[in-house]
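What follows is a short report on a single structure.
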Ligand code: NAD
């Protein structure tokens, strides 16, 4: 039987989520407030921050943005976080990673009030997720789970291969997939033979940052492929999957751009909305 590939349109799904949030915010008791902190001049980080701030404005959130020079002292950053933790207008605090090497990620991330940690990077939130009681799920893995939900494929017992084991994508994703009772294999740059793992997988999620890492000969027919990678090749943005060829064998596949990226932004907004509801003790009606 021929496989008809369906493109998982992250942009469209994210747009629906943003529209829903906009309505909820308009009806809510208080504008959710997001503080975004960017350090240095990393061009990719600047682009991500622009996407996030534009989207939060569009849904009607209150926004504070802070952009510091690369050489900012860690103490100054921590002082700002202390202030934001107390600020009643702010419900979510996002520190754009990576931080410069003289600043320790952990010191900064654990200074954020865990109830305002909309990125889900605070050790308390990481621990809650690991124990199966998620409070804030980091935006990219949460967005990927939403996309999988759209395939209507029951994850129970499915063979899922995750390529990439970072704290922000691969590791939290493993927890979420296990909670759905999938059988999960995690591969990384020291994995000896990726194909041995991928060729039997029902679902493959690639988050390595290596263009064309997943090729058509590595996947079985009917596979679901989620491409998280964002790479620049000859001026174009591409993912980690050889999209045109893998598409011929997949039942579902995400494009890059327009797949996981917009979902990440939408999930950050959703987390900020949820933070506002929790902090203000507001129970929204379902729409
Ligand atoms: P990272 O560098 O922190 O981690 C990369 C992971 O991939 C590591 O576990 C590494 O071992 C593994 N890896 C690297 N090369 C590999 C190879 N040849 N074979 C198998 N595994 C390999 O990266 P990250 O922050 O997790 O991001 C991964 C990619 O996802 C990047 O391209 C990044 O830009 C992208 N990203 C996209 C979004 C989004 O919203 N779409 C969000 C976060 C990250």
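The values are calculated or read from the model by the stated rules, or taken from the named source; none is laboratory data. Keep in mind that what you see is a predicted model, and the values were worked out from it rather than measured. Here the Cβ positions follow ideal geometry from the backbone for every residue, glycine too, while neighbour counts run over all protein chains shown.
Summary table
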read-out	value
Region 218-239 - residue that is in a loop (DSSP other than H, G, I, E, B) and without any contact (Cβ under 8 Å) to a residue 40 or more places away in the chain and, of those, farthest from the ligand (Cβ to nearest atom)	220
Among the candidates 170, 164, 143, residue that is at positive phi and within 11 Å of the ligand (Cβ to nearest atom)	164
Check on residue 189, in a loop (DSSP other than H, G, I, E, B), modelled with pLDDT of 95 or more and under 30 Å from residue 94 (Cβ atoms)	yes
Qualifying residue in region 151-164 (condition: at pLDDT 95 or above, under 30 Å from residue 196 (Cβ atoms) and within 14 Å of the chain's Cα centre (by Cα))	yes
Residue match in region 9-21 (condition: over 19 Å from the mean Cα position of the chain (by Cα), buried (at least 21 other Cβ atoms within 10 Å of the Cβ) and modelled with pLDDT of 95 or more)	no
Qualifying positions in region 205-217 - within 11 Å of the ligand (Cβ to nearest atom) and either surrounded by fewer than 24 Cβ atoms within 10 Å (Cβ to Cβ) or part of a loop (DSSP other than H, G, I, E, B) (or both)	207, 208, 209, 210, 211, 212, 213
Some residue of region 122-144 being touching a strand residue (DSSP E or B) at 6+ places or on another chain (Cβ under 8 Å) and free of Cβ contacts under 8 Å to residues at least 60 places away in the same chain	no
Flag for residue 218 being under 18 Å from residue 169 (Cα atoms) and out of contact with any strand residue (DSSP E or B) (no Cβ under 6 Å at 6 or more places or on another chain)	no
Region 27-40, residues that are outside any helix (DSSP H, G or I) and more than 14 Å from residue 95 (Cα to Cα)	28, 29, 30, 31, 32, 33
Checking residue 44 against (1) within 16 Å of the chain's Cα centre (by Cα); (2) under 23 Å from residue 147 (Cα atoms), the condition it does not meet	(2)
Pick from region 240-265, criterion in a strand (DSSP E or B) and away from the ligand (no atom under 14 Å from the Cβ), ranking: surrounded by the fewest Cβ atoms within 10 Å (Cβ to Cβ)	251
Options 182, 139, 216: the member that is within 13 Å of the chain's Cα centre (by Cα) and modelled with pLDDT of 95 or more	139
Selection count where residues are in a helix (DSSP H, G or I) and either in contact with a strand residue (DSSP E or B) (Cβ under 6 Å, 6 or more places away or on another chain) or within 19 Å of residue 241 (Cβ to Cβ) (or both), scope region 147-177	7
Single condition residue 131 does not satisfy, out of (1) surrounded by fewer than 24 Cβ atoms within 10 Å (Cβ to Cβ); (2) more than 22 Å from residue 13 (Cβ to Cβ); (3) touching a helix residue (DSSP H, G or I) at 6+ places or on another chain (Cβ under 7 Å)	(3)
Meets criteria (more than 10 Å from the ligand (Cβ to nearest atom), out of contact with any strand residue (DSSP E or B) (no Cβ under 9 Å at 6 or more places or on another chain) and more than 16 Å from residue 169 (Cα to Cα)) for residue 190	no
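Table: residues versus (1) closer than 18 Å to residue 286 by Cα; (2) not in a helix (DSSP H, G or I).
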position	(1), (2)
12	no, no
16	yes, no
25	yes, no
45	no, no
49	no, no
55	no, no
63	no, yes
